[in-house]
Every structure is written in C-alpha cells, then in structure tokens.
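Read through the structure below, which is laid out as structure tokens, and then see the notes.
The values are calculated or read from the model by the stated rules, or taken from the named source; none is laboratory data. What you are looking at is a predicted structure, and each value in this text was computed from that prediction instead of being measured. Here the Cβ positions follow ideal geometry from the backbone for every residue, glycine too, while neighbour counts run over all protein chains shown.
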Amino acid sequence: MPSVLDTLTAHSDNPSSFLALNSGNSYFQDDRFDGACAYRTSGRYVLQFGGPFTAPEHRARLLEAFAAHAGRRLVAVQLQRADAELYAAHGFTVNQIGASYAVDLSRFTLRGSRFVRLRNKISRARRAGLEVEEVRDGDDCAELDRIDRRWLRDKGRHVKELRFLVGQRTGSLQRHRRLFAGRIDGEVVGYVNYSPVYGSRPGMLHDLSRRRPDAPPGVMEALNATVMERLTAEGAGWLHFGFTPFTGLDPSHELPGASSLFSRFARLLAEHGEAIYPAASQLEYKQKWAPHAVLPEYIAFRGRPRPGAVWQLLRATNAV
C-alpha cells in the first residue's frame, strides 16, 4: 500500500489534510484500493480527521469499510462540503462546525485603503529591525522551544496546548513543512510553520504560529507578509489560514437532517466559547488578509449527536 503521505498528495482536497499525519493518529486502510482514514480514539469514541482520503470513485466504499471497523461511536471532524454530503448520504448526522479561510496569492495585494492598518503594523515591526529567515533545522531548535514555553505561560496557568486539529513542528515530517522565524537583534521573537496543501487550491497552510509575549506589535503580520511575498515569487497558488471552529456559521450551509440542538450549541460556543477555543482572535487575524475563499467545514456523528462525543472531541483537542 502507498504511504499515507502519498495518498494525501494524490487524493486530498482538504486544505488541512497534512494534519492527518500528526503523531498520535492511527490509519485505516483497505487492500482493495489506495486510500486511508486518519483517526484517534478518546474514551469509547473513534474520532476521524478529514474524511476518507482516496480517489473519488472509492470514497463511499472506504467510508463504509471504515465505519464498519470503527463501530457506532464514530465522529468525523473537519469534513469538507463533499465529505459532508457523503456522510449524510450514509446516515450520519452532519452539522457545520466552522470554516476555513484562504487567500489566492495570484490576486493578493496589500495596496488600498482596507489594508492601511495592516501595512502600518508591518512597517512598525520592520522598523524595529525584524528580519525573517527560513529555519532548516526546526526539528531541534532550542530557541523555538523557549518561544513555545513562554507563549504557553503567557496564556495562563490553566491553558493547555491544543492538539489533534492543529499542526506540529517536530518529527520526520518537518522536512515537508516550511518554518520561518522572525528575529530582532539576533533573537527569535516569533515563528510560523507552514504545511503543504494539495488538491484544487494547492499551496501552503499557515499552520502553527508562536510569538514572544514581549514581541513588538506587528511581528507576526510582518513575518507572514514576507512569507507571502516569497511564496508568490515561487509560484505558490494559495495561502490557507486553516480551520477555525465556531466561525462562519450560516444556516444556508447546513445539510438536510442537521441537528438543531448541535446548531444551537455551536452558535453558543461562537458567542461565549473563548475559554474553550480562541476562535474570535483567530478569526480577527485571518480576516486581516481579506481571504478570497471561506469554506464551511463540518462534523458528522454516526447517529444523533451525543454530549459524550462532543466531550471526547474537546478532550482530544486538549481544549478541556
């Protein structure tokens, strides 16, 4: 069987699909065709990430095989619209859970009045001496580890680092990612890790980012703007800003049979769930770049949504 990475490269149209390779995930494969389902278990639940990764003509059969393997307590998260329709057709209860955001680099510009504040922040950071470099040894970088520790401490003593639905910067797969760090006076003040994106909007995913609490304003914006310039010069198509739960919720995105109870729960978290997930601050950062595509993303429950399933998903992401 091909490796899961080869499968994603060939068949994935999910902008976050590289996260399926995170450490801690397991994979279901079927000898009848090239394909994989990424998942992990939490409690008695099986949590699938991103739908069945395989050729379009095999997606239904791979889902059926995996559902038979996983059992009744299967929950799939971060599904794209085509995935959502497939799961709904197979009897799952499917609801929108958020949205992902992407910029078409061929059309992107910082010119115009709408970007005045963003340009000012970028200029301020560059005047402070910010220099951006690509880090080739990000798998073992003590400076980046220190940034991570300071970033987490600044969030508060009860805050834990999120996982499962966010990327990583360590391990053998780091060679497929690209990490850029911002330095001032030789010291790292922030970094962004970018993962590859395949499919109909190929490019890179602005995945994992950290900054020093005392970094000057505009550091992350200037770092990302510099990377966008480089990616554009290299011919990259899209820069994806990834999935943010509980944002972009719209009744028009829901499929027939969606749970009204889960819809109300998602809207409640959208309004009051900042303690669980920092959706508002993430959305504000992503909207600064005026994304050209806002893609609804979905969660699917085998049967009706259960509180225990939602709780285990939150546990798997380390949000609780």
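Listed values, structure above:
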| read-out | value |
| --- | --- |
| Tally, over the range 251-282, of residues that are closer than 30 Å to R111 by Cβ and in contact (Cβ under 8 Å) with a residue 60 or more places away in the chain | 1 |
| Test: residue in the range 211-225 that is of a type in the set (D, E, K, R) and either in contact with a Ser or Thr (Cβ under 6 Å, 6 or more places away or on another chain) or assigned by TED's automatic domain parsing to the domain that holds A76 (or both) | no |
| Any chance D30 is assigned to a loop (DSSP other than H, G, I, E, B) and more than 18 Å from L86 (Cα to Cα) | yes |
| Extreme residue, surrounded by the fewest Cβ atoms within 10 Å (Cβ to Cβ), among residues of the range 181-213 that are out of contact with any strand residue (DSSP E or B) (no Cβ under 7 Å at 6 or more places or on another chain) and farther than 19 Å from I122 by Cβ | G186 |
| A236 assigned by TED's automatic domain parsing to the domain that holds G112, surrounded by 14 or more Cβ atoms within 10 Å (Cβ to Cβ) and either closer than 22 Å to E221 by Cβ or acidic (D, E) (or both) | yes |
| Scan of the range 52-69 for residues that are basic (K, R) and more than 21 Å from T93 (Cβ to Cβ), ordered by number | R61 |
| Residue tally, condition within 27 Å of G203 (Cα to Cα) and crowded, with 17+ Cβ neighbours inside 10 Å, over the range 41-62 | 11 |
| Subset of the range 214-250 [touching a strand residue (DSSP E or B) at 6+ places or on another chain (Cβ under 9 Å), in a loop (DSSP other than H, G, I, E, B) and under 28 Å from S106 (Cβ atoms)] | A236, G237, T247, G248, D250 |
| Scope the range 258-294; condition loosely packed, with under 13 Cβ neighbours inside 10 Å and assigned to a loop (DSSP other than H, G, I, E, B); matching residues | A275 |
| Any hit, the range 182-199, residues being at pLDDT below 95 and within 13 Å of S16 (Cβ to Cβ) | no |
| Search result, residues across the range 173-200 that are under 21 Å from F241 (Cα atoms) and either outside any strand (DSSP E or B) or free of Cβ contacts under 8 Å to residues at least 24 places away in the same chain (or both) | L173, Q174, R175, H176, R177, Y198, G199, S200 |
| Residue count for the range 98-113, restricted to those that are in contact (Cβ under 8 Å) with a residue 40 or more places away in the chain and more than 24 Å from F243 (Cβ to Cβ) | 1 |
| Residue selected from the range 68-87 under the condition among the small types (G, A, S) and more than 16 Å from P305 (Cα to Cα), by the criterion surrounded by the most Cβ atoms within 10 Å (Cβ to Cβ) | A70 |
| Test: L208 is modelled with pLDDT under 95, out of contact with any helix residue (DSSP H, G or I) (no Cβ under 6 Å at 6 or more places or on another chain) and assigned to a strand (DSSP E or B) | yes |
| Where T170 falls short, out of the listed (1) part of a strand (DSSP E or B); (2) farther than 22 Å from M228 by Cβ; (3) among the β-branched types (V, I, T) | (1) |
